[in-house]
Amino acid sequence: MTMSRSSTSVLVFVLVIALLLACSADALKIISVDNGQVQGTWGKLEICPDGSSAIGYQTQNDLLDVPLHDKSALNSIRLFCNDTQGTNVTSTLGDTGTWELRQNCPRGESLSSFRLRVQPFDSASSDNTAVNSIQFNCTDGSLLNFNGNTAGNWGEFSADQCETGICGLETRVLPLGGTLTDNTALNDVDFICC
Ligand SMILES: *[C@@H]1O[C@H](CO)[C@@H](O)[C@H](O)[C@H]1NC(C)=O
Ligand SMILES: *[C@@H]1O[C@H](CO)[C@@H](O)[C@H](O)[C@H]1NC(C)=O
Ligand SMILES: *[C@@H]1O[C@H](CO)[C@@H](O)[C@H](O)[C@H]1NC(C)=O
């Protein structure tokens with residue numbers, strides 16, 4: 001049996017579309033949580049060098065908690081890749097706070113899922129802080145935790161996880177504004193699977 005020219009081209013077309021969908025789904029698996037906040041803009045996606053994955057992280061937290069200080073809690077997240085250079089990726093950084101201790105997955109494991117501790121936006125409050133802290137699970141299920149800031153509540157872990165590791169991130173950050181701005185710094189983050 002021979003196929004007509006038109007049914008052959010339809011078949012080729014369908015195969016190409018299927019392949020494109022499979023590749024794009026493969027290229028960008030994103031994991032996210034639903035308690036992120038919406039101030040600021042999404043930064044650029046930063047990804048570990050080819051063949052490497054994120055095996056540890058550190059956060060920058062504004063830990064100052066005194067009257068009249070406009071707290072912004074979690075400002076920045078830095079992922080450490082396991083390429084030979086030990087590259088780090090951050091997407092948009094916040095402007096204040098101190099870099100906390102690096103947390104590492106057990107040897108041979110990578111970051112795979114996360115959850116956020118968030119103080120939900122309250123229009124009646126003049127000092128919102130948005131994201132306060134982050135925890136990661138590694139590919140072996142172990143938990144990485146640095147206390148960070150403690151306002152708000154922990155949300156659910158990302159419904160999806162990166163079975164072969166997290167390879168990059170994109171942060172949503174409200175940049176430092178003028179003296180009349182209620183600064184919240186990091187509002188949300190998405191991670192990209194390897
Ligand atoms: C992160 O990478 C930058 C270069 O991109 C480097 O200057 C900096 O020292 C690194 N930070 C850490 C904590 O490794
Ligand atoms: C990085 O870690 C992952 C997960 O442990 C591993 O599969 C990969 O081979 C490592 N890459 C390098 C360059 O060490
Ligand atoms: C992540 O770690 C938490 C705390 O140990 C655990 O309850 C949860 O099941 C882990 N999730 C995954 C996907 O490993």
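The values are calculated or read from the model by the stated rules, or taken from the named source; none is laboratory data. For clarity, every value in this text was computed on a predicted model and none was experimentally measured. Cβ sites come from the backbone with ideal geometry, for glycine too, and all protein chains shown count toward neighbours. Please note that ligands, DNA and RNA were not included when accessible areas were found on the heavy atoms of the full protein model with its side chains. Shrake-Rupley method; radii C 1.70, N 1.55, O 1.52, S 1.80 Å.
Values as computed for the structure displayed
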{"quantity": "Residues of segment 124-143 satisfying the condition of being within 10 Å of Ser113 (Cα to Cα) and touching a residue at least 60 places away in the same chain (Cβ under 8 Å)", "calculated": "Phe136"}
{"quantity": "Considering residues of segment 168-189 that are open to solvent by less than 40 Å² (accessible area, probe 1.4 Å) and farther than 16 Å from Asn132 by Cα only, the residue modelled with the lowest pLDDT", "calculated": "Gly177"}
{"quantity": "Candidate set from segment 34-52 (those that are among the β-branched types (Val, Ile, Thr) and more than 16 Å from ligand 1 (Cβ to nearest atom)); member that is nearest to Arg115 (Cα to Cα)", "calculated": "Val38"}
{"quantity": "Conditions (1) open to solvent by less than 30 Å² (accessible area, probe 1.4 Å); (2) at pLDDT below 95; number of the one not met by Ser113", "calculated": "(2)"}
{"quantity": "Unmet requirement for Ile192, which otherwise passes all of (1) in contact with a strand residue (DSSP E or B) (Cβ under 6 Å, 6 or more places away or on another chain); (2) open to solvent by 20 Å² or more (accessible area, probe 1.4 Å)", "calculated": "(2)"}
{"quantity": "Looking only at segment 143-167, and only at residues there that are open to solvent by 60 Å² or more (accessible area, probe 1.4 Å) and under 23 Å from Glu46 (Cα atoms), the one that is farthest from ligand 1 (Cβ to nearest atom)", "calculated": "Ala159"}
{"quantity": "Residue count, segment 48-75 (criterion: in contact with a strand residue (DSSP E or B) (Cβ under 7 Å, 6 or more places away or on another chain) and buried (at least 20 other Cβ atoms within 10 Å of the Cβ))", "calculated": "15"}
{"quantity": "Elements of type strands (runs of 3 or more DSSP E) in segment 75-194, at least 2 residues being among the small types (Gly, Ala, Ser)", "calculated": "111-119, 130-138"}
{"quantity": "Residue within segment 129-137 that is modelled with pLDDT of 95 or more, under 12 Å from the mean Cα position of the chain (by Cα) and within 16 Å of ligand 2 (Cβ to nearest atom) present", "calculated": "yes"}
{"quantity": "Residue selected from segment 116-142 under the condition open to solvent by 10 Å² or more (accessible area, probe 1.4 Å) and among the hydroxyl-bearing types (Ser, Thr, Tyr), by the criterion nearest to Leu93 (Cα to Cα)", "calculated": "Ser126"}
{"quantity": "Residue among Arg102, Arg107 that is basic (Lys, Arg), within 13 Å of ligand 1 (Cβ to nearest atom), surrounded by fewer than 22 Cβ atoms within 10 Å (Cβ to Cβ) and farther than 16 Å from Gly168 by Cα", "calculated": "Arg102"}
